[in-house]
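Take a look at the structure below.
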Amino acid sequence: MATHKKISSFLKANNDTGFSNKADTASSRFVNKDGSYNLRKTGLGFINRFSIFQFMLTISRWKFIGVILLFYIVINLFFTSIYLMVGPEQLQGMIGAEPWVKFKEVYFFSTQTFTTVGYGRVNPTGDGVNMVASLESLTGLLSLAIATGLIYGRFARPKAYLIFSDHALISPFQGKTALMFRFVNYKNNHSLTNVDVKVNVGMKVQTDGTFTYQYYTLALERERVESLPMSWTVVHPIDENSPFYGFTHEDMKVADVEVYAQIRGYDDVFSDMVQQRSSYTYHEILFGRKFSKMFHESEDGMTTVLELDKLSHHHEV
């Protein structure tokens, strides 16, 4: 524990992280591997906390497709039930006599009305069904407009296409050691320029017999690059000014260390700033390892080949 007491004597804690310093209120990690905050909010109603727009923009591609398909099926089932309650006899051109066949015809009539396709074999004749069909057509137009906006928003929303190494490493560096992790921009047509990286660490520190979380900004060998065509290995030298000075893996476990990084850069495709976060807890920090080389020269000697699948490869030193 003496090591933890020593930290506060030469480092100034960073109080701008947005996290609490209460050791008994913190979770297993502050930032998830995907960059999202490991946080769940309660105390207000779900409707007040939930944003449909944000949800639809941030969920995964397959969940987005699933929600659209589910909405399409459910809304047509809803209008189908209304048509059946009003009376399917008000629909001209029905050829099915059995209940299931009749249900299918009404359902597909609903889908045709909802999408304004209107093939014409089945058409409404009664006032009640005509009113329902006109309301469904309006609903379909509005739904299509909303879906189009969401799809465009997902495609146009600036995103940093960065992936991080699975582990951070404590590796030899200039006669000492350093904490290292690396990341890469994995899209062929996205180029980041003016890239900045900021790395913080959260750890439990014992002060007057009480453990509290303290946060420190780690000094880096390099905090900014003009462009990022290849991978970047971020290096924090572990010297007398580092909170990790003299730390073993057991010290990191006791201090519940979590290193979290934020990358910001300008994306030429989006013509906008993008950013991404990730973190490493103490069990994701390995001692005595070094990253393996992840690029080589092409066979004709004309091109550099960056092997993305080797981003997390490392070996013992």
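With bins 20 Å wide beginning at 0, the percent of Cα pairs of the chain falling in each bin runs 24, 38, 23, 14, 1. GNM remark for the chain: springs join alpha carbons under 10 Å apart, and the peak mean-square fluctuation among Asn48, Asn194, Asn130 falls on Asn48.
Hey, how many Å between the Cα centroid of region 268-317 and the Cα centroid of region 108-137? If we compute the Cα centre of each part, the gap is 56 Å. Ranked for footprinting exposure by Cβ neighbours inside 10 Å, fewest first, Leu306, Leu228 give Leu306, Leu228.
Using the count of nearby Cβ atoms within 10 Å as a rough guide to exposure, how do His296, His314, His236 rank from fewest to most? It would help to have the intermediate numbers written out before the result.
On the way: His296 11, His314 18, His236 23.
With the sparsest Cβ surroundings first, the list reads His296, His314, His236.
With +1 on the Cβ of every Lys and Arg and -1 on the Cβ of every Asp and Glu, and nothing else charged, how large is the dipole of the chain about its Cα centre, in debye rounded to the nearest 20? The partial results should precede the final answer.
On the way: 31 positive and 30 negative charges, 116 e Å.
So the magnitude is around 560 debye.
Hydropathy first: keep DSSP H helices in the chain averaging at least -1.0 on Kyte-Doolittle, then drop any whose Cα extent along the axis falls short of 30 Å, and list what survives. Before the final figure, lay out the partial values.
Values: long enough: 61-86 (38 Å, 1.77); 127-156 (43 Å, 1.01).
Helices meeting the criterion: 61-86, 127-156.
The protection proxy used here, the mean number of other Cβ atoms lying within 10 Å of each residue, ranks peptides 30-40, 79-89 as follows, highest first: 79-89, 30-40.
Annotation for region 104-188: chymotrypsin sites (Phe, Trp or Tyr not before Pro) lying in DSSP loop with at most 12 further Cβ atoms inside 10 Å of their Cβ are Tyr119. For Ala178, neighbours were defined as the other residues whose beta-carbon sits under 10 Å from its Cβ, and their charges (Lys and Arg +1, Asp and Glu -1) total -1. Stretched out straight at 0.36 nm per residue, the stretch from Met302 to Asp251 would grow longer than its current Cα-Cα span by 13.6 nm.
Using 0.36 nm times the number of residues separating Ala145 and Phe295, minus their current alpha carbon distance, what extension gain do you get? Could you put the intermediate results ahead of the total?
Working: separation 150, 0.36 × 150 = 54.00 nm, distance 4.57 nm.
Stretched out fully, the Ala145 to Phe295 stretch lengthens by 49.4 nm.
Centre-to-centre, using Cα atoms only, region 34-73 and region 145-202 are separated by 23 Å.
Counting other C-beta atoms within 10 Å, which of Val225, Val234, Val305 has the fewest, and how do the rest follow?
The most exposed by this proxy come first: Val305, Val225, Val234.
Read-outs throughout are calculated quantities, based only on the coordinates presented, and are distinct from any laboratory measurement. Source: prediction; values computed, not measured. Neighbour counts are summed over all protein chains in view; Cβ atoms, including those assigned to glycine, are modelled from backbone coordinates with ideal geometry.
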